[in-house]
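A short worksheet on the structure shown next.
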Amino acid sequence: MKRILPLLCALYSQAAFADTKITCPDVYPANLLATKGVPGKWKGIAHVPGQDLALQSAGVLAGPPQQQPQGLQRGVEKKTKKGLEIEFPALDAFTEPLEKWMYCAYGGGGEVQLLQKLPGDTKACKAEFTRTPYGSYSIDMACK
């Protein structure tokens, strides 16, 4: 019985955030980097010396990505056996009236981001950062 209760709690915790599940790609391919709006006679290149950009973080932001995002939601962090868990509660209070977006950030400082729009009725999200054997993390986001 002592072993079953923690397992049930863990399963319930995941089920409570199971409406929308998103997994960040582990890398952003370096060959997809591009430059736009290069001035005059200049030609731009984005050069990352032979390496794809590693996944660094993930989270929730408010506002359409075409414009300057209006804010980055601060989460509540908790260490786990696998790595780290970050909860993003009360998203409506944070984002209203703006759209809710999940982002995956790549590169040393998260310079490159992939974004995915969350359903408008999303109330909360939880990101699970699972340590990989290579010292980085794989990141799964579950929202309700």
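Structure summary
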| read-out | value |
| --- | --- |
| Where residue 73 falls short, out of the listed (1) without any contact (Cβ under 8 Å) to a residue 24 or more places away in the chain; (2) within 20 Å of residue 27 (Cβ to Cβ) | (2) |
| Residue 73 vs. criteria under 16 Å from the mean Cα position of the chain (by Cα), surrounded by 15 or more Cβ atoms within 10 Å (Cβ to Cβ) and within 19 Å of residue 62 (Cα to Cα) | yes |
| Residue tally, condition closer than 17 Å to residue 129 by Cβ and of a type outside the set (Phe, Trp, Tyr), over the stretch 96-106 | 3 |
| Filter result for the condition that a residue is buried (at least 17 other Cβ atoms within 10 Å of the Cβ), closer than 18 Å to residue 138 by Cβ and either touching a residue at least 12 places away in the same chain (Cβ under 8 Å) or of a type in the set (A, V, I, L, M, F, W, C) (or both), over 82, 126 | 126 |
| Every residue from the stretch 86-141 that is closer than 18 Å to residue 19 by Cα, over 14 Å from the mean Cα position of the chain (by Cα) and not hydroxyl-bearing (Ser, Thr, Tyr) | 89, 90, 91, 92, 99, 119, 120, 121, 123 |
| Given (1) buried (at least 18 other Cβ atoms within 10 Å of the Cβ); (2) touching a Lys or Arg at 6+ places or on another chain (Cβ under 9 Å), number of the condition residue 92 does not satisfy | (1) |
| Residue match in the stretch 114-135 (condition: modelled with pLDDT under 85 and either within 28 Å of residue 31 (Cα to Cα) or not charged (D, E, K, R) (or both)) | yes |
| When residues of the stretch 109-144 are limited to those that are part of a loop (DSSP other than H, G, I, E, B) and of a type in the set (Gly, Ala, Ser), the one nearest to residue 89 (Cα to Cα) | 124 |
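The values are calculated or read from the model by the stated rules, or taken from the named source; none is laboratory data. Here the structure is a predicted model, which is why all the values come from computation and not from measurement. Ideal geometry is used to build each Cβ from the backbone, glycine not excepted, and the neighbour counts take in all protein chains shown.
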